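Structure first, then comments.
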Amino acid sequence: MHKFFTEAENFQGDEAFIYGDDVKHLYKVVRLVEGDKIVLNNYIGEEFLCNIEEITKQSVRVKIIEKLEINNESNIEIYLFQGLPKAAKMDLIVQKATELGVKKIIPTITGRVDVKLKGEFKKLDRLQRIANEACKQCKRTLVPRVEAPVEFKDLLAQADEFDLVVVPYENAENKGMKYIANKYRDKEIKTVAIVVGPEGGFEEEEINTLVENGAEIITLGNRILRTETAGFVCSSLLQYEFGDLGGTI
C-alpha cells in the first residue's frame, strides 16, 4: 500500500488533505484513483489508513478509516554530523541515512571543508524532499530532519547531550565497533552522535578536541572509506549493536 505524508494541520476531523508535489505523484506516477486506500503520515509519528475520496490537480481529499499502530523507528536515535561534502554526495548521504534510521542529518563545517562549499550550501529544501521520498520508500514512521550547517564549535557544544559520540577516523587503530559494543553493553544508549569528516578528513587538532569532549574515536577497518560511505557503515554497525538491525533472535 502506498504511503504519503501531509502536515498535521491538514487533518480535519475524519478527513485529511494532501497538497504539493505528492498530488501529481499520486495520480500520475503511481496512478491511484478515487476509492483506493493509502497510508497517510502526519509528520509527527502518527499513521492512518485512508480511503481516497476526491482527486484534483491541486489536492487529494481522503477519509480516515482508522489510526494504525505502526512504529518503524529504531530504539536508538542517531544524529549524523556530516562534514560538508560536494552536493551530489550530500544527496546520497541524506537518502541512505534516512533508510538506515538516522533521526537528524546535520551538515558540519570543519577545518578541511572546501571553502567554496561554506558559502554555497543553500539546498536544505531539496535535501529535505530527498529525505521525505526516502521515507516513503523505506516505510519509516518519522521523517528525519536535515538541519542547516553548523560550525565545528557548535558540534562540540552539543556533545554532552548524547549518550555516545562516535567518530570514525582513518588514523584510528585497534578500537572499532566491537570495542564500543563491549564498553557500552550494560549502559542505556538512547542517543548517539556520529561525527564524520569531510572529503579532506579531520585535522589532528579536531580529533584531539573531540576526545577531550568525550568522543570515542574508532576505526572502521583497514580500508579507508569515502566520507559518504563512513556514515553508512557506522550507522549500520550502531543499529546492529544497539538498535533494530540485529533482529530479536
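The values are calculated or read from the model by the stated rules, or taken from the named source; none is laboratory data. Since we're looking at a predicted model, the values are computed, not measured. Every residue, glycine as well, gets a Cβ built from its backbone with ideal geometry; the counts of neighbours run over all protein chains shown. Side chains included, ligands, DNA and RNA excluded: accessible areas come from the protein's heavy atoms. Shrake-Rupley method; radii C 1.70, N 1.55, O 1.52, S 1.80 Å.
Over the chain, DSSP H runs of length four or greater, each weighted -39,500 (n - 2.57), average out per residue to a 222 nm ellipticity of -8500 deg cm²/dmol. Measuring from label point to label point, each 7 Å out along Cα→Cβ, what is the ASN42 to ASN222 span in nm? Placing both labels 7 Å beyond Cα along the Cβ direction yields 5.4 nm.
Accessible area per residue (1.4 Å probe, heavy atoms of protein chains only) ranks THR6, THR191 as THR191, THR6, with the largest value leading. If you wrap the Cα atoms of the chain in a convex hull and average its projected area over all directions, you get 15.2 nm². For region 78-207, what class follows from the C-alpha gyration tensor (a ≥ b ≥ c being the square roots of its eigenvalues): rounded when a/c is under 1.5, otherwise prolate if a/b is larger than b/c, else oblate? Since a/c reaches 1.5 but b/c is at least a/b, the shape of region 78-207 is classed as oblate. Rolling a 1.4 Å probe over the protein heavy atoms of region 108-229, with every protein chain left in place, gives an accessible area that is 44 percent carbon and sulfur. Under the combined filter of DSSP loop state and at most 12 neighbouring Cβ atoms within 10 Å, region 171-207 retains these trypsin sites (Lys or Arg not before Pro): ARG185, LYS187, LYS190.
For region 1-119, the residue among ASN41, ILE106, LEU68 whose Cα projects farthest onto the positive side of the dipole built from Cβ charges is ILE106. Per the Debye calculation on region 65-104 with a single equal scatterer at every Cα and no solvent contribution, log₁₀ I(q)/I(0) for q = 0.32 Å⁻¹ amounts to -1.12. Let a ≥ b ≥ c be the square roots of the eigenvalues of the Cα gyration tensor of region 136-244; is it rounded (a/c under 1.5), or, if not, prolate (a/b larger than b/c) or oblate? Rounded is the answer for region 136-244, as its axis ratio a/c remains below 1.5.
Counting only residues at least eight positions apart within a chain, or on another chain, the aspartates and glutamates with an alpha carbon under 12 Å from that of LYS153 are GLU206. Per-peptide packing, taken as the mean over residues of other Cβ atoms within 10 Å, places 143-149, 192-198 in the sequence 192-198, 143-149 from highest down. Cross-linked pairs LYS3/LYS24; LYS67/LYS96; LYS28/LYS104; LYS86/LYS175; LYS28/LYS57; LYS3/LYS103: Cα-Cα separations exceed 21 Å for LYS67/LYS96; LYS28/LYS104; LYS86/LYS175.
Accessible surface for the chain, divided over its residues, is 53 Å² per residue with a 1.4 Å probe.
Rounded to the nearest 20, the size of the Cβ-charge dipole of region 167-249 about its Cα centre is 480 debye, with Lys and Arg at +1 and Asp and Glu at -1. Straight-line cross-link partners of LYS63 among the aspartates and glutamates, defined as a Cα under 19 Å from its Cα and at least 8 positions apart when in the same chain: GLU7, GLU9, ASP14, GLU15, ASP22, GLU34, ASP36, GLU46, GLU47, GLU53, GLU54.
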